[in-house]
1. Based on DSSP, what percent of beta bridges with both residues in the chain are antiparallel, to the nearest 5?
2. How much of the calculated P(r) for the stretch 1-53 lies past 12 Å, in percent of all Cα pairs?
3. Residues with amide H under 5 Å of G340's amide H, sequence separation 5 or more or different chain, H placed in the peptide plane at 1.01 Å from N; which?
4. At 1.4 Å probe size, with every protein chain present, just tell me what the per residue accessible area of the chain comes to in Å².
5. Take peptides 155-165, 368-378 and line them up by average Cβ neighbours within 10 Å, highest first, as a rough protection proxy.
6. With 5 Å bins from zero, work out the P(r) of the stretch 1-135 over every alpha carbon pair and list the percent per bin.
7. Based on the mean of other Cβ atoms within 10 Å per residue, sort peptides 194-204, 322-332 so the most packed one is first.
8. How would you classify the stretch 175-253 from its alpha-carbon gyration tensor, with a ≥ b ≥ c the square roots of the eigenvalues: rounded for a/c under 1.5, else prolate if a/b is greater than b/c, otherwise oblate?
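The values are calculated or read from the model by the stated rules, or taken from the named source; none is laboratory data. Quick caveat, the model's predicted, so the values are computed rather than measured. So basically every Cβ, Gly included, is an ideal-geometry build from the backbone, and we count neighbours across all protein chains shown. Heads up: the accessible areas ignore ligands, DNA and RNA and are worked out on the full protein's heavy atoms, side chains in. Shrake-Rupley method; radii C 1.70, N 1.55, O 1.52, S 1.80 Å.
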Amino acid sequence: MAIQAPATRPANPRFSSGPCAKIPTFSLDLLKDAPLGRSHRAAIGKEKLKAAIETTREVLGIPADYKIGIVPASDTGAVEMALWSLLGARKATMCAWESFGAGWVTDVVKQLKIDAEVKTADYGDIVDFADVDFDTDVVFTWNGTTSGVRLPNGDKIPSDRQGLTICDATSAAFAMDLPWDKLDVTTFSWQKVLGGEAAHGMLILSPRAVERLENYTPSWPLPKIFRLTKGGKLIDGIFTGATINTPSMLAVEDYLVALDWAKSVGGLKGLIARADANSNVIKEFCDAKPWIANLANDPATASNTSVCLKFTDERIKDGAAFAKAVAKRLENEGVALDIGAYRDAPAGLRIWCGGTVETSDIEALMPWLEWAFEAEIAAQ
């Protein structure tokens, strides 16, 4: 007997974890004020870039004495700038619980060859920060985009630390309450929680990070694209809109539109509430179904953006093939796009729940997920 397909479909089937869904009100008409064909160094370009920086500060509640810069190469570029420019002054501690964090370990240990202690946790768990020496420079992801686990808070990061904290927050910013007093370097990309366009990253520096930059010179040469100081002083223009290389003014306009939308839904609190509502729909679904579960072992660490799921039914013969078949079936129906687990992660699904996704679409997806599961079980 054919399994009955649900009657209601998600209005927007885009659940990718990056680039993420555009804001619900998006249309190309919203970008009509983009200064296309104009220099980013002209007055209008500088004005737009500065607005992007200061509106980011406003929405995220970033302290006035923190520096915010728009940098090239998305979150990856921002993290690499921090690693290459700041590390080496003291021992480092690398914390990794998913593939991107593991990538930063490789860069620091094998490329920069810095003296570092490496702490790792398996997918579904996080490193215990109570065991981390914060008198070293500590590098970590706040939210594991590929594992769906996050730090629940910054309580275990001491205020009197001697080292710097370098935090990759690309799938956390605009969806989680980041404790700025505990973070010395924070990075994210436009193409995550606000659904912006790719290739632009944000680099946020505390006064302690600026002090390190101005009083420490790495022993290795720095490419121009990584240089944040000149003559022992911070290149302040980077943090007022004078970008290192040419940005896309169309992407800048798109980011400004997304920031305005963020303010319209209640700013950071509103965005967190939207992500929480989305992820709670999936949590309740998993609690009611014996064949699927969150990849996070501790509910306190479960992400509210990149929700990662695993199939637990004993009838499944090949977990990887089964998960791919479910994702493909949902894609073929046009109800869920790009929800397969990340290639390095355990077999399963990954459903983006950031604030640009409507809760009604997550609710509509859940019966389809059950339909696809039952169809694949029957097809085995």
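1. For the chain, the DSSP antiparallel bridge percentage is about 60.
2. Of the Cα pairs, 78 percent sit more than 12 Å apart.
3. The answer is R350.
4. Solvent-accessible surface per residue comes out at 42 Å².
5. 368-378, 155-165
6. Using 5 Å bins, I get a P(r) of 2, 7, 10, 12, 15, 14, 12, 10, 8, 6, 3, 1, 0, 0 for the stretch 1-135.
7. Ranked by mean Cβ neighbours within 10 Å, highest first: 194-204, 322-332.
8. Oblate is the answer for the stretch 175-253, as a/c is 1.5 or above yet b/c matches or exceeds a/b.
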